[in-house]
Amino acid sequence: MLKNIFCSLFIIAISLPKIVLAGPGDIRGMSTKDSGMALASQISNPSSFSAKGNPALLPWSQKSISIESYSEVFWLQDANVTSPNTTPLSGVAKDTRRASQTKPQNNFGLGLSLPLSPQFAIGIAGRFPSDSVAKIHAFTQNEANYLHYNDRQARPEIYTAAGFKFSQYFSMGAGLYYALKAKGTLQLGISQTDAESRLFLELLPEFIPYIGSAFKFDLFNKQTTLGINYRMEQKAQSRINVDLDFDVGIGTLPFSTSSELVAFYDPAILGIGITGEGKRIRPSFSYEWSRWSKYKEPVMSLTGKDLDTLNQGKSLATNIQLRDTHSIRIGAELPDIYEKLENKITLRTGIEFHTSAVDENTNNLTVVDSDKLGANIGVSWKRLALKPFIVSPLSFDAALKYMHLLETDFSDQNKTQHRRSKSGGEVAAILFGVTFDI
């Protein structure tokens, strides 16, 4: 098995472009095969990444492992706030970074489906940034950032799940999605002759449960799979206490405050998908509802008695109200359109539409988003073996995704200023993967 894994890693390494970019798993997915069908099949078609798509599919999956990498290029419009007075009253320096300057991100994917008996199976799915373990970007109210396309935020996404098949027609599964939160204390002392600091920071795991179910039945004399998946909300809050002491010569001025931050927010998601089996075509359809109306923005909230005194009791909270989004995906797979000796070629295609989480009449421009239209194509080349290195069946997968963000203009009256911003642009992604039986 290790020999097969190392060979697959080598194959991916020599086939990738020099620059690799990626996006979050909820938007672009984790499976190259599913991405070629606009993710329309991830809830209702078994794969190595079923631990993420729908854990109930794991008992119907083959014992397989996938190793993948994702590339993405952005042509985003500027999402910064413009207003008559661009100087923040707080004294914090203005952020000069533009959304159109979004930089590459390196990501790596891994999916594992492992049936342990005819009824029971386990699986792992993950996406990992390769240039850093995690990146957190907390922004102020005086700037605007894209909801889904922020290259200054990155983190691993890990799903572990198990599924049980109650009969040949019905199965259920459950799993855990892993997130991180932090807590700590920063102490800082500054005098006219010296400066010292002390920091304690602890990273804690956060476990987000999700469940799924799958049903098999005949529809128009064709075997059909219906899948349902639900993941709970993830809003792990990090808290850091800050104690400052300034020696101004005639005495020491103490200042204490606490900062709270939801660095990464994942909405509750309900998904329903259906896939039909056919010799020449396998159509798939899915719908997802994402509860962005409960959004917790990555803006640091400062609290404490000393801060209340300085601000005369005024609230410093940010009020960013998003709305729930809806995603519709339609895809099709053309299995084994070419078959000769030990070679098989499968084609995939799909289209998708996502509604915006930001209303055009929003009263806060700190986060922007647009309706999105997407088109996808994919291909798989399957080999029964690559002797003498690999003796198990394997497939080389590739997918191309194109996403168009409809141009949207926003304006508000936040802080008594007439502020403007806009969202729009294009995103193109290419995905590569190797999947083999184990």
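Throughout, read-outs are computed from the coordinates displayed, never taken from laboratory work. Only a predicted model underlies this, so the values are computations on that prediction, with no experimental measurement involved. No Cβ is skipped: glycine too gets one built from the backbone with ideal geometry, and neighbour counts run over all protein chains shown.
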With a Förster distance of 35 angstrom and the Cβ-Cβ distance between Ile272 and Ser392, calculated FRET efficiency to the nearest 0.05 equals 0.55
Note, segment 136-147: 3J(HN,Hα) by Karplus (6.51, -1.76, 1.60, θ = phi - 60°), whole Hz, Gly/Pro = x, goes 10, 10, 9, 10, 8, 6, 9, 8, 10, 9, 5, 5
Of 33-45, 192-204, ordering from highest average Cβ density within 10 Å down gives 33-45, 192-204
Taking Lys and Arg as +1 and Asp and Glu as -1, residues besides Ala154 with C-beta under 9 Å from its C-beta add up to +1
Here the gain from full extension of Ile330 to Ala138, 0.36 nm per residue of separation minus their alpha-carbon distance, amounts to 65.6 nm
For Asp245 and Glu196, extending 7 Å from Cα along the Cα-Cβ vector and measuring point to point gives, in nm, a value of 0.8 nm
Protection proxy (average C-beta count within 10 Å per residue), highest first, orders 25-31, 170-176 as 25-31, 170-176
Net charge near Phe120 (other residues with Cβ under 14 Å of its Cβ; Lys, Arg +1; Asp, Glu -1) is +2
To the nearest 0.05, the calculated FRET efficiency linking Ser167 and Leu406 through their beta-carbon distance, R0 being 35 Å, is 0.20
Simple SL model, points at 7 angstrom along Cα→Cβ for Asp131 and Trp75; separation in nm is 2.1 nm
Highest mean packing first, using Cβ neighbours within 10 angstrom, the peptides 364-377, 127-140 sort as 364-377, 127-140
Segment 337-419: relative contact order from alpha carbon pairs under 8 Å, six or more residues apart, as a whole percent, is 31 percent
